[in-house]
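Written out below as structure tokens is the structure these notes cover.
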Amino acid sequence: MRKVLIWVLLAISASSQAADRLKVGHDSWIGYAAAIVARDKGLFSKQGLTVETVTFSGPGDTLPPLIAGHLDVAFTTLHNVALMAGKGQDNLVAIYLLDTSNGADAIVSAKEITATAQLKGRKVAVTMDEVNHMLLLVALSAAGLKPDEVKLVDMSAEDGGAALLAGKVDAAVTWEPWVTRARANGGNVLFTSANTPNLILDAVVVTKDSLAKNGPALAKLLRGIDAGRDFLVKNPNEAKPVLVKWLKVKPGEVDAMLAGDRIYGLAENRVLFGTQERPGPAYGSMARIVEFVKLRGLATRPIDPRTLLVPALIGE
């Protein structure tokens, strides 16, 4: 890790023409709330930075344009970073942890199913090989079930939630607002991301080339996100309408989303990354994710989880 940090810092110090504009790709997820609030409340501008955001349908969709150089930054899961590394794309690094799902992702079931163990032989909607599949495997293991003891139906989280409400599946691994909607329709929440802390993490991801080229601007981006998180905490009545409009949901649904997600600032990132002498829990989380990718046979190349996290811009 020392060599990577030295390389990043030297590249940043050598950059005499620091970019003041960044193009950021993201999907619509509550965990990016701090960045969206920062954008709409002018907090990036206060850092001397112009941020252009581009919306994609899913977190994995941001990575091909990032790799191609059409984006400077992508918000995505650590899972997707590990997937790309396993395919030989070793140019991606996570420089900041935006959030962790803390209940916003969950296994929800029909009202007659009240425990995970009762999923044996049942149809469960899940997005195969994505983060909610990883969550399901953890839940099944905790309940003493093997993966082949349930009938998996490959669906997106949104489609899975809708299928559960329509009675087409017995359970679904989904996220808010579908978790709240399922509960409101008499369903049960069997297991959530709160049961396995820091398993589902979203990050600010860049290429090593972008990090070298845009280091000063990226540092401004992280400070702006931190300011957005601070604004969200201190001024929720002003921040929440921004999120309601952005996510196209009801105010109460935003409240449920925020309650089920833990949004990180710079101070939390310093704890999560730790130090060179004492690496923080982020490295353990990445190692678990890499093991899942390997277990599912999704990696064709070796993956060193330590090289996928570069906290050089979060300061001390």
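Read-outs throughout are calculated quantities, based only on the coordinates presented, and are distinct from any laboratory measurement. All values derive from a computational prediction rather than experimental measurement. Cβ atoms come from the backbone with ideal geometry, glycine included; neighbour counts cover every protein chain shown.
Along the Cα→Cβ direction, 7 angstrom out, place labels at A287 and A194. What is the inter-label distance in nm?
A separation of 2.8 nm, rounded to one decimal place.
Based on other C-beta atoms within 10 Å, arrange R278, R21 from fewest to most.
Details: R278 6, R21 11.
The most exposed by this proxy come first: R278, R21.
Please work out whether the range 133-228 counts as rounded, prolate or oblate from its C-alpha gyration tensor, where a ≥ b ≥ c are the square roots of the eigenvalues and a/c under 1.5 means rounded, while otherwise a/b larger than b/c means prolate and anything else oblate?
Values: a/c = 2.69, a/b = 2.11, b/c = 1.28.
It is prolate, given that a/c is not under 1.5 and a/b is the larger ratio.
Using 0.36 nm per residue, how much length does the chain from K248 to K46 gain when fully extended, once their Cα-Cα distance is taken away?
Details: separation 202, 0.36 × 202 = 72.72 nm, distance 2.70 nm.
Roughly 70.0 nm would be gained on extension.
How would you rank D20, D230, going from fewest to most other Cβ atoms within 10 Å of each one's own Cβ?
Working: D20 13, D230 16.
The fewest-first ordering by Cβ neighbours comes to D20, D230.
I'd like to know which of A282, P241, A38 lies farthest towards the positive end of the charge dipole of the chain, counting +1 on Cβ of Lys and Arg and -1 on Cβ of Asp and Glu.
After comparing all options, I get A282.
Take every DSSP beta bridge whose two residues both sit in the chain, then give the antiparallel share in percent to the nearest 5. Don't skip to the answer; put the middle values down first.
Values: 24 of 39 bridges.
Here the share of antiparallel DSSP bridges comes out near 60 percent.
H70 to A212: extension gain in nm, 0.36 nm per residue of separation minus the Cα-Cα distance? Could you put the intermediate results ahead of the total?
Details: separation 142, 0.36 × 142 = 51.12 nm, distance 1.61 nm.
Going from the current span to full extension adds 49.5 nm.
How large is the dipole of the range 55-168 about the Cα centre if only Lys and Arg carry +1 and Asp and Glu carry -1, each at its Cβ, rounded to the nearest 20 debye?
Values: 8 positive and 13 negative charges, 108 e Å.
That gives the range 55-168 a dipole magnitude of about 520 debye.
Going by how many other beta carbons lie within 10 Å of each one, how would you line up K151, K41, K234, fewest first? All intermediate terms of the calculation are to be shown ahead of the outcome.
Details: K151 13, K41 19, K234 9.
In increasing order of surrounding Cβ atoms, one gets K234, K151, K41.
So if we plug the beta-carbon distance of Q276 and D90 into 1/(1 + (r/R0)^6) with R0 = 30 Å, what FRET efficiency do we get, rounded to 0.05? Before the final figure, lay out each step's value.
Working: r = 21 Å, r/R0 = 0.69.
Once the sixth-power term is evaluated, E becomes 0.90.
So what is the relative contact order for the range 105-195, in percent, with contacts set as C-alpha pairs under 8 Å and at least six apart? It would help to have the intermediate numbers written out before the result.
Numbers: 177 pairs, mean separation 43.3, N = 91.
Here the relative contact order equals 48 percent.
Between L71 and residues 5 or more places away or on another chain, which pairs have amide H atoms under 5 Å apart, with H built 1.01 Å from N, and which residues are they?
For L71, whose amide H was placed from the backbone, the distant partners under 5 Å are L66.
Considering the options F56, G161, S210, tell which one lies farthest towards the positive end of the dipole of the chain, charges being +1 on Lys and Arg and -1 on Asp and Glu at the Cβ, about the Cα centre.
Of the listed residues, the answer is S210.
Quick one: dipole size for the chain, taken about the Cα centre, charges +1 on Lys/Arg Cβ and -1 on Asp/Glu Cβ, in debye to the nearest 20. Before the final figure, lay out the partial values.
Numbers: 35 positive and 32 negative charges, 43 e Å.
Approximately 200 debye in magnitude.
Cα-Cα over 31 Å: which of K208/K245; K220/K240; K23/K245; K41/K213; K208/K250? List each step's numbers first, then the result.
Numbers: K208/K245 34 Å; K220/K240 23 Å; K23/K245 21 Å; K41/K213 27 Å; K208/K250 39 Å.
The pairs that break the limit, which is 31 Å between Cα atoms, are K208/K245; K208/K250.
Spin-label point model (7 Å from Cα, Cβ direction): what's the E149 to M128 distance in nm?
A separation of 2.2 nm, rounded to one decimal place.
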